[in-house]
Structures are given as structure tokens and as C-alpha cells.
């Protein structure tokens with residue numbers, strides 16, 4: 001289970017860093033710039049059974065660290081959908097039949 005969690009952190013970090021909502025990574029910030037947000041998202045991700053539920057987690061994590069008005073569930077849905085798919089592909093989230 002620990003290996004799967006670490007892989008989920010790695011996958012989520014890659015997706016969030018690609019999203020890079022403040023262009024911090026693109027501007028030269030360390031690759032672990034969003035580590036706190038990623039950890040909060042992955043810690044609760046198994047309870048997210050839809051991309052929309054995962055978008056709520058992304059919204060909560062980034063709203064608590066940055067500007068809440070910039071991270072509505074709707075705004076976070078595209079990155080959450082990609083993250084949901086990646087976490088399913090890597091076996092962290094179950095695929096629905």
C-alpha cells in the first residue's frame with residue numbers, strides 16, 4: 001500500500017506541475033513546489049469516486065494555500081479529470097465498469 005501511495009504522489013505531482021496554475025514550476029521553482037497541496041489531495045483521493053469529487057479536493061487544497069476565488073470546483077475540473085484518469089490508470093483509484 002505504501003508503494004501505491006508513493007506512486008500516487010508521483011503521478012499527482014506530475015499532473016499538478018504540468019497544470020502549474022501560477023507558472024511557478026515554469027518560472028524555475030522546485031519540482032516539489034506544490035507538495036503540500038498534492039499531499040492533501042492524494043490523502044483524500046480514494047474517497048473521490050468521480051472527477052467532480054476530485055475537483056472538490058483540488059479546489060479545497062489550492063484555495064487553502066492560494067486565492068480561493070481562483071480555484072472553484074469548475075475551474076479545477078479539467079486538471080482533476082486528468083488526475084482522476086491517471087490515478088485510475090496507475091491503480092490508485094478503482095475503475096468503474
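Please treat every number below as a calculation from the coordinates, not as lab data. Worth saying up front: this structure is predicted, and the values here are computed from it rather than measured.
Points to keep in mind about this one:
- Look at (i) 1.00; (ii) 1.51; (iii) 1.14: the one that is Cα Rg over 2.2 N^0.38 Å derived from this structure is (i).
- Quotient of C-alpha Rg and 2.2 N^0.38 Å, computed over region 47-96: 1.13
- Mean shadow area of region 1-42, taken as a quarter of the surface of its Cα convex hull (nm²): 2.7
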